[in-house]
Amino acid sequence: MFKNYFKIALRNLLRQKVLGSINILGLSLGIACFSLFMLYAVNEFNFDRFHSNAKNIFRAYRWTEAMNGDPARGDVYMPMPLGPAMKDELPDVENYARLRDGWGESFVKIGDNVQRLKVSFADPQIFSMFDFKFKTGDPQSSLKALNNIVITESVAKQFFGSNGYKDAIGKTIQVKIDDGFLPFVISGVAKNVPANSSIEFDAMANFHFFETTDEGKRSENKWTRSSFITFVQLRPGSNLPNDNNKLASFRKKYYPDEESKYKKEGYVWKNNLAPVRYGLQPLLSMHTDTKIAGGTVDNVDPKTIWILLSIAAGILLIACINFTTLAIGRSASRSKEVGVRKVIGAVKKQLIFQFLAEALLLSIISALLGLLIANILLPYFNQLSGRELTFSFSLYPEMIWLLVGLTLLVGLLAGAYPAIILSGFKPIEILKNKIKVGGSNLFTRSLVTLQFAVSIALIISTVIILQQVKYMSSKNPGFNKDNVVMVDASKTDTKKIYPLFKQELSKEPSISGIASAELGLGEGQGFSVSGFTYNGKPKNIFEFFIDPDYIKVMGMQMLAGRNFTQTISADTTTSVIVNEALLRDFGWTINNAVGQKLTGYNDDNKKDPVIIGVVKDFNFRSLSQPVEPQMFHQFASYSPYKFFVRIRPGNPSAALAAMSKAWRSVIADLPFKYYFVDEELNKFYKSEQRWSAIIGWAGGISIFLACLGLFGLAALAAINRTKEIGIRKVLGATVTNVVNLLSKDFLKLIGIALIIATPVAWYFMQKWLQDFAYRINISWLVFFMTGLCVVAVALITISFQ
């Protein structure tokens, strides 16, 4: 019986090739889009599950309660001695691994070739706790020796060629640490870290080696320096993550005066727990827990994933609606077939099964084609989403039953309505030609209206997001960001190098200014925040170490006081320049700020910083955040790790060549690396750019699919009004008259869709814009132009009929 159903379905599909092809194409696109979004969601929700001990591994964090107006926050960077102390003092802790996640890149020398590479450090047991697969070498003993190092397969290929993973074991590479290059022996080559891993590394060295470096010695046995990620493996069934009292007692041992100090300084918090305590975050929830940020991979908000899935479901719904309307259109010529079947004894249930079988066959064909389309589009989707996804059923086994279930659901969802309608025809009316296939009824029209409403809302959202991104990218941040090159001089002796580099470039005509600072500007360049108590109130200040040329070169505006000068010795010890936001926070004005002291900043008997100048506020972070209190200084204990070079407008090639030459003359054996400041600032908005691209593609596809549905309805209208149209043309009606006749009702539907979509899109976009401190105002032109474009596309679609 089922074989007969499918045979008839194939015959009908081949008989109506055009409508059948459109039907399959629309459904295939819907399934392809939903499959890509589903793959993304499955990947995001299943980070780190490939580790066999994942359920028992936790990341230590420090939780600070909300106090005096500051929100509660979690921090994952811990003191160096935390891991060993937890293992010694907490019986539930079976193992630990500390990770120094390689802030910035290190210089690595292979032979005479020097390259940049991110080098991390971890305790040797990290490869016992975590299941990172190895191409060569033994994970258990790969970091046994002090100078062992593990590199990934891609790094091995980069350093040693296509068979690098075979040739790398036992080779020596040199890593620049402190003032020189030190040798490391490659003891293992790990497979490239999976895309759904919260721990990423290119090269992993022994943490005990890091303890011997100058930086490591500064943190050894220091509970006041926090810059390490600590993982612990608990015994199965442990309740330690939920035992706040035990974790609070553990912290109190090493910070006995912490709570009394907070109370003395006037801090108030709501609950009876300690104001600051340790917590344990499950490894499997790290990626989607936005309350506790940090680590080598950015967190993702689960709401974002569900929104993307909702968009994908909307596209799939539109495809199913198309399937339904076009299935009715394709079945218009089959009414006699239904009548004959009923006359010879077919019951309604058999006819329903017949049409559902046909729908299921089309759904299976569409699913296979959709997966092929999804696989072709996957590289582009990876660019949009910023992930390296792959349709791997071994990595994502749930994708098998999700895709099978999706295919069955789509077949039933899309085929149910045509099956019920067509099986309900009365044979006598059919055979007397008194039956007309629906298509203009309320249900079908509601579906088409819903299609266009979803599509219009997506397009409006895309336009608004693009406008906001353009606004943030083009807005003046408070300094001149154009034509500024930022040279990365990290891991070098910059106090010695910078004067020589500046001298080499001073006479270059393509360069108009040079300055230096400790920190860069832009996404991932880092921040330095100092917290202290001023007159009994907690204060946080973003501090930047700069040289006297920085404010001028960056085009910042001095509002009061003076800049740093090299002839005043106090400028390297106590003098600071602050921004307007700091004045507001401290209750000062432009007129009385100069000469004020930041009392409490130094707690080691040093003199308090004194304000010598005020600069106009500028956005050193994303425009989604307001400008915070900021302080510039040039204290002698800091070093300038970024060089800022202002080049003259025009072709930058001459200036870049001059900088490269100057770098080689100063540091001949280390590679030159630079960024354009405006490009680095624009990286703050890469998430919004991805959103706009994804929603834009979704909107475009949904409009295309909606137009397919409109084409189907127009086809139904033409079928039902063939004689009427013929008579009208005989009586002199033009093509324009016929188009107007067919278009009038459909344009009403699109108008209703626009009325529905406009307030919905406005509400959600207005809510989205609230997350930005600086944002656009939504213009009515967005809705008008979107509606105009959709109407134009709909008219073109209808006119084909």
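Fully extended, how many nm does the chain gain between A792 and D669 (0.36 nm per residue separation, minus their Cα-Cα distance)?
That works out to 38.1 nm of additional length.
Take every DSSP beta bridge with both residues inside the chain and express the antiparallel ones as a percent of the total, to the nearest 5.
Once the DSSP bridges in the chain are tallied, antiparallel ones form about 80 percent.
Return the long-range amide H neighbours of V175 (sequence gap of 5 or more, or a different chain), with a cut-off of under 5 Å between placed amide H atoms.
Under 5 Å from the amide H of V175: K109, L182, F184.
Please work out the Cα center distance from segment 479-500 to segment 501-551, rounded to the nearest Å.
If we compute the Cα centre of each part, the gap is 10 Å.
Quick one: which residues, 5 or more positions from F632 or on another chain, have an amide H under 5 Å from its amide H? H modelled 1.01 Å from N in the peptide plane, none for Pro or chain starts.
Counting only residues 5 or more places away or on other chains, the set is F544, I577, V578.
How much FRET efficiency would the formula 1/(1 + (r/R0)^6) give for D167 and D678, where r is the Cβ-Cβ distance and R0 is 51 Å, rounded to 0.05?
0.75
Using 7 Å Cα-to-Cβ label points, what is the T599/Y255 separation (nm, one decimal)?
Going by the 7 Å Cα→Cβ label model, 2.7 nm.
Can you work out the FRET efficiency for the pair N46 and S128, with r the C-beta to C-beta distance and R0 = 25 Å, to the nearest 0.05?
0.65
Stretch Q566-K270 to full length: gain in nm at 0.36 nm per residue minus the Cα-Cα span?
Roughly 101.7 nm would be gained on extension.
Helix 398-423: angle to the longest alpha-carbon principal axis of the chain, degrees 0 to 90, nearest 10?
30 degrees
When a/c is below 1.5 the answer is rounded, else prolate if a/b is larger than b/c, else oblate, so apply that to segment 546-686 with a ≥ b ≥ c taken from the square roots of the Cα gyration tensor eigenvalues.
The shape class here is prolate.
Along the Cα→Cβ direction, 7 angstrom out, place labels at S392 and K475. What is the inter-label distance in nm?
Distance between the two pseudo-spin positions: 4.0 nm.
Using Cα atoms only, what is the angle between the long axis of helix 686-720 and the major principal axis of the chain, expressed in degrees (0 to 90) to the nearest 10?
Tilt of helix 686-720: around 0 degrees.
Treating the angle as unsigned and between 0 and 90°, give the value, to the nearest 10°, between the Cα long axis of helix 653-666 and the longest Cα principal axis of the chain.
Taking the Cα atoms of the chain, the angle to 653-666 is about 40 degrees.
How much mean residue ellipticity at 222 nm does the chain get from its helices, if each DSSP H run of length 4 or more adds -39500 (n - 2.57) and you divide by all residues, to the nearest 500 deg cm²/dmol?
One gets -15500 deg cm²/dmol as the mean residue ellipticity at 222 nm.
Is any residue of segment 83-107 close enough, with backbone N under 20 Å, to a label point placed 7 angstrom from the Cα of K686 along the Cα-Cβ axis, and if so, which?
Residues 101-106 qualify, since their backbone N sits under 20 Å from the label point.
How much length is gained if the chain between L412 and H208 is pulled fully straight, taking 0.36 nm per residue apart and subtracting their Cα-Cα distance, in nm to one decimal?
The span from L412 to H208 would gain 67.4 nm if fully extended.
With a cut-off of at most 14 other beta carbons within 10 Å, and DSSP calling the residue loop, which trypsin sites (Lys or Arg not before Pro) in segment 185-220 qualify? Please list them.
Within segment 185-220, the qualifying trypsin sites (Lys or Arg not before Pro) (loop, at most 14 other Cβ atoms within 10 Å) are K191.
Determine, from the Cβ-Cβ distance of K552 and Q140 and an R0 of 45 Å, the FRET efficiency 1/(1 + (r/R0)^6), rounded to the nearest 0.05.
Once the sixth-power term is evaluated, E becomes 0.20.
Accessible area, 1.4 Å probe, largest first: how do F58, F672, F353 sort?
The residues order as F353, F672, F58, largest area first.
Calculate the spin-label point distance for Q503 paired with Y534, positioning each point 7 Å from the Cα along the beta-carbon direction, and give it in nanometres.
With each label placed 7 Å out from Cα toward Cβ, I get 4.0 nm.
The values are calculated or read from the model by the stated rules, or taken from the named source; none is laboratory data. None of the values given here were measured: they were computed from a predicted structure. Note: ideal-geometry Cβ built from the backbone for every residue, glycine included; neighbour counts use all protein chains shown. Calculation scope for accessible area: heavy atoms of the full protein, side chains included, ligands and nucleic acids excluded. Shrake-Rupley method; radii C 1.70, N 1.55, O 1.52, S 1.80 Å.
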